[in-house]
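No lab work stands behind these numbers, since they all come straight from the coordinates. This one's a predicted model, so the numbers in the text were calculated from it and none came from an experiment. Virtual Cβ from ideal backbone geometry, glycine too; neighbours counted across all protein chains shown.
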Amino acid sequence: MRTLFLATGFWCALSLSGQDLLYMQRGNPGSLLVNPAADVDARVWLSLPSINTTAQTSFAAGDVLGGDLGTLWRQFPSEAAGAIATHDMGLFSMGFKAKKSTFWLGSSLNFEGNALIDRDLVGFLLWGMKDANGDIDLNYDGRFEQTSAVVSARSNLHLGWQREFGSKLRVGATLNATQILGHAVMGFDSLGLRSVDRGNGFNELELYTQGYAAAYTNNALNVNLFDGTFLFDGSKLAKNSLISLDLGGTYQLTKNWMLAASYQGLGFEGRSVLDADTAVRFEGRVPFSGFSYNSSTDTAVNPGGYFDTLLVQIQQLGQTSTGSFAGFGPLQRGDLAAYWRSPKKTHQLGLHYLYRARPTLNYQALAAEYHGFFGRRWQLSASYTQPLRSSVAMRPSVSVHTTLRLAGGLALSLGSSTVNMMPLPVKGANGDLTLGLPRNMDRLNVNVGLHWMLYEKSYRKAAQERRAAKKAKRQERKKARI
Amino acid sequence: MNKATVFFAALALVACQRDLLTVDDLDVTLRPGVVVPLGALDLTLSDVFNPDSGLVTVDPDQTYRLVYRQTNLLDVGVADFLELPSQPTVAENFKAGYIALPNVNAAAAVRFGKLARSITNPAGFAANMAAAQGSSAPIPALPTQNPGNLATTTITSFSTASFQSGIMTLKAVNHYPAAINATVVLANLAGQPLLTYNLGSIPAGDSVSVPASLAGKTIPNQLKFNLTSFSSPGAGTPGVPSSYVPIDTNANLNLSLSGSNLIIYSATAQTQTQTLVDDTLDLAFSAPAGVRLTELGLSQGQLNYSITSAVPEPLSLLLQFPSGTVNGQLIQQTINLLPNQPATGSISVQGAQLFLGSNPAHPYNELPIRYAATLNSTGQQVTLDSASGVAMNFTFANVEFGHALGFFGQQNVNIPADTLSLDLDFVNRLGGSVVFAEPKVQLAITNSLGLPITLDLDVASHDAQGGVHPLGIPPTLLPYPQTATQFGQTVQDTLTFDKNNTAIVDFLTLPKQQFTYGGQVRVNADTLATGTENFVTGTSAISADVLMELPFYFSAQGLGLTDSVDLGTSLSALDTAVQEVALRVETTTTLPLDATLALTLFDDLGQVVYTAQLPLLVSGLLDAATGLVTAPTTSTSEVSVTAAQLPAFARGRWLQLTAELGTGTAPGSSGHPVKLLSDAELSVRLGLLLDVHLEL
């Protein structure tokens, strides 16, 4: 059971991103985790554990399904094929407003991982050394350096503060103390298989690589996956904290227009160095020339010995080294948004630029957002996000997020950034019910959270005023009909 | 916008993308195609055929040469040609023969008075003489009358003797006063006359000697003198005193016997030292049939003898080899023999040089032995008999010769015919032919046997069609020390059999099913040409080392080797997983060889489902004049199984491999032999093309 727990936790650790739509969802205190300057309609709140999990592939279902994979692979959109999983879990968060300032603190866990195989490497499995015409190319040059893997887990303690300056400007900052629980990477500057035509249908093959692999585990953790033991020493955890700062600001440009900007993860990037527990350097070239026998120097033809030597050569490509994660940085988000708010402040439309950088995934996107503030009981946000640039291919996605107020100040936050990619049950060829995958599905995301909060009084007053105004207005219309 | 509106809008948003795929739409087919270098071999022929193996050598021009050397293929010692048989015992007897006795003497005297008493006419003569004793008186004439036995005598040196020859002389000295005439008859005691002496007239005071032959006479040692035919003219005239003669009745007629040159048949007598026999025995020396030995040098040996003498006196027997010397000295030995006592012993002939041809009538295999017996007198009377003799037995023993001369006869030693089968499955399947251009067989002879040996071999190879290919070696006289000047020397020479004097090229052209061999070794086969003078020493021997040289200067065509392999069902998997598989071979060589590998694949029903030809090797560029490769040749070949062939190929069960090998041919020539050089190189590159088609 403990093993299952750890395994599940490991899978869940493969992700994050706070739901982007929280950026302008006023009725959710989680917005402060996205933008320290978010205008949150809450006096005091307490967030219970929330999760935001994304499982993503570097390709869409339509890239690999519905046709011959080998043929589809010729048009594979990404440099690498693989999976990315991010899992961000808010452990707790609490905050309150005091006059013009808002304070909050909280803790979260971020897990993520990816495993990418270079597109050419998969292509090599599918086609070998064949060119586009299906002919074996003796000058084949397969470059597999996009193959990589990252596993990272970190915890975060943060303390935020926001200040209103007048009625238009809000500025917020969050101080983060991040603990790297574990981090492992594997990557290549070069990795490939090269064939050189030696004429008469013969070639020489060469495997070459220059890469690295390193792993770091926080001294506070002692995990043994094999016997399921897990030891935690909190005193050591704090010693390795990395400090970063999130900054944000919102400005009410006009009555209906608001600008928002924020940047998370200012701090230790490029300055922090983690010494790896284990580091391996991949470097060298291994020629595949087949066995060699020279009667003047060798005593016997020994093809088996060649393969033994080859195996040793391949093994020697990886050499233990003393490595470090130079340039290790915090998770980074950059947001720039402009929103138009309806006169009644119920609807907001916005254009949102997103920049995301984390160990497993980088991308920039532009989202057209809608935020509906339907009273304190229901908020609904939706967006269409067009990726601009990404480390792996990403398709446009439709996001929906809603916050439903439950009884007693509790609110449920639920959403997904992959609404347009949701699998649906369909009948298969044999008539059995099976899972239908949208052709454009390249990821699945779910975001769920639970929090308790008290709204601001101003809102209640405003609402009462609005209801009184509505009531007066109805009475006036009734009088007019009479 | 109310809540429902928003909800349905969202639902519509979700529902607008209905192009759904399932995992059943995953169509993964792996079609990797790769070409992989399998390996490379760089062979230098000298590394493969190591000259240090002793079987293969490399000439200075790098030509390979298969050398088979068999030392002491023939190693025959002198004993196989000449072995002296055991010599038989030779018996030789000789008799003592007529024995010489020493001279004898005996004497007697007849007193005058005694004679007078035997005179009967005139009567009273005795009285008258007795009366006249001391005085002078006339003696009347006495008429012839026989006075008889008046004296006896005894011979002391023998008791009796039967003479073969000899003279017994009687000397009579007349001391009587008157002349007498008388005949003396010498008789034994029984009165039997033995010898008669006619003395004639013997004047007074005079003497006469009369010899008598003893031949055939047996003379006892006691003898009587009988006077017969006695007469006297008388002396003095009666009455004339002056004519009277002194009368002395004691005056004697002295009679003395002297025997000389006494040779007896038999006797009981004293002997004298004398040579009884001096003769020569031609001892036959046994030799193998047809062998005529004229001279032997013995490294060891002895002549054993056993001699018994029946002669009653001791003998000294000299044994002598008149034609045998040791260090230049005659071989001889004196043996003392006692009567009737066998004498045994031996005479060493170690180091002796014996000449066995001294007898002109039988100038070989005879060894003369001289024996000379001397009787040594003891001075005692012994009973002698000329028939008594000496028995001798001679035996040569432990004879080993140091050298032998002569004619050792004509011998034929058959080499039994036999067959060396080459009917090997491998050879039969090889097919084609291999022709060696310059094979050579050499016999290195080392010979110290001084006799002509002719080697007459009958060797042939047989092909599968029954054709016989004789090697054609003519009868060959092996080198040997031919003249006396080479006596004891060792001759070394080499006989060479090659294409110039034999049909060895045809003989060794492969393949052959069997070799047959046989023949003869002949000794003194042609005496007209080689004479009859043979010699050997005790250590002479002939040995032959065979050296077969087979330069790798050859031509070969159509050598094939076929084998099959049961592949089971191992190929069946190819039908589903492999689109094409090919083995690429590139060879670059300076070898003068062509090689092709043919692959034929059969299914379970014996149907051919796949065939391929793989030219493994293409000969380097050849120079027809020298058979040498002048430039390397590169060839590339590929055995490929295509997608269309794979279904049938995958049914393959039996793979038949047929390799065909031949020598290359120079431009403009065909079948010219080529030379295999040790620095010839072969580089082989192997590559594998694999095109997989695997549906997952």
Where labels lie 7 Å past Cα in the beta-carbon direction, separation of B:Asn121 and B:Gln222 in nm: 3.3
query: Where in segment B:578-622 does the label zone of B:Trp654 land, with the point 7 angstrom along Cα→C-beta and an amide N cut-off under 11 Å?
result: B:601-608
- prompt: Taking the alpha-carbon centroid of each part, what is the distance from segment B:162-210 to segment A:303-323 in angstrom?
  reply: 148
task: Obtain the nm distance between the two label points defined at A:Ser296 and A:Leu454 by a simple spin-label model: each point lies 7 Å from its Cα along the Cα-to-C-beta direction.
output: 9.5
- request: Give me a single rounded figure for A:420-430: the average over its residues of other chain Cβ atoms within 10 Å of their Cβ.
  value: 3
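Taking the inverse of the average 1/r across all pairs of different Cα atoms in segment A:54-165, what Kirkwood radius in Å do you get? Don't skip to the answer; put the middle values down first.
On the way: mean 1/r = 0.0567 Å⁻¹.
For segment A:54-165, the Kirkwood estimate is 17.6 Å.
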Value in Å of the Kirkwood radius, where the protein assembly as shown supplies the Cα pairs that are averaged: 46.7
- request: Let me see the pair-distance distribution of chain B: every alpha carbon pair, 10 Å bin width, integer percents in order.
  value: 3, 10, 11, 9, 8, 8, 7, 7, 6, 5, 5, 4, 4, 4, 3, 2, 2, 1, 1, 0, 0, 0, 0, 0, 0
Projected-area mean, segment B:291-356, by convex hull of Cα positions, square nanometres: 5.0
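Report the calculated FRET efficiency for B:Thr144 and B:Gln380 (r = Cβ-Cβ distance, R0 = 41 Å), to the nearest 0.05. List each step's numbers first, then the result.
Values: r = 45 Å, r/R0 = 1.10.
The computed FRET efficiency comes out at 0.35.
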Inter-part distance where segment A:324-389 and segment A:406-482 are each reduced to a Cα centre, Å: 18
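May I ask you to compute the full-extension gain from B:Glu400 to B:Asn414, defined as 0.36 nm times their residue separation minus their alpha-carbon distance, rounded to one decimal in nm? Provide the component values of the computation, followed by the final result.
Details: separation 14, 0.36 × 14 = 5.04 nm, distance 2.72 nm.
Once the chain is fully extended between B:Glu400 and B:Asn414, it gains 2.3 nm.
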Helix A:457-481 vs. chain A, principal-axis angle (Cα, 0 to 90°, nearest 10): 60
- prompt: What's the FRET efficiency of A:Leu221 with A:Thr71 using the Cβ-Cβ distance as r and R₀ = 56 Å, to the nearest 0.05?
  reply: 0.75
Evaluated over segment B:103-269, the Cα radius of gyration and Dmax, each in Å: 17.1, 58
field: Where labels lie 7 Å past Cα in the beta-carbon direction, separation of A:Ala468 and B:Gln607 in nm
entry: 10.2
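Considering all alpha-carbon pairs of segment A:2-481, what whole percent are spaced by more than 37 angstrom? Intermediate values should be presented prior to the final figure.
Values: 45820 of 114960 pairs.
Here the long-distance tail beyond 37 Å is 40 percent of all Cα pairs in segment A:2-481.
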field: FRET efficiency estimate (nearest 0.05) - Cβ-Cβ, A:Lys239 to B:Ala643, R0 51 angstrom
entry: 0.20
field: Proximal charge balance of A:Leu253 [Cβ under 11 Å; K/R count +1, D/E count -1]
entry: +3
query: In degrees between 0 and 90, to the nearest 10, how far off the longest principal axis of chain B does helix B:3-15 point, with axes built from Cα atoms?
result: 40
field: C-alpha long axis of helix A:2-12 to longest principal axis of chain A, angle in °
entry: 80
field: Distance histogram in 10 Å bins (all Cα pairs of segment B:556-695, percent per bin)
entry: 12, 33, 28, 17, 9, 1, 0
- line: In whole percent, the Cα-Cα distances of segment B:245-353 spread across 10 Å bins from 0 upward as 10, 28, 22, 15, 10, 5, 5, 3, 2, 0
statement: Non-local residues with an amide H under 5 Å from the amide H of A:Ala81, with H modelled 1.01 Å from N and Pro and chain starts lacking one, are A:Ile117, A:Asp118, A:Arg119
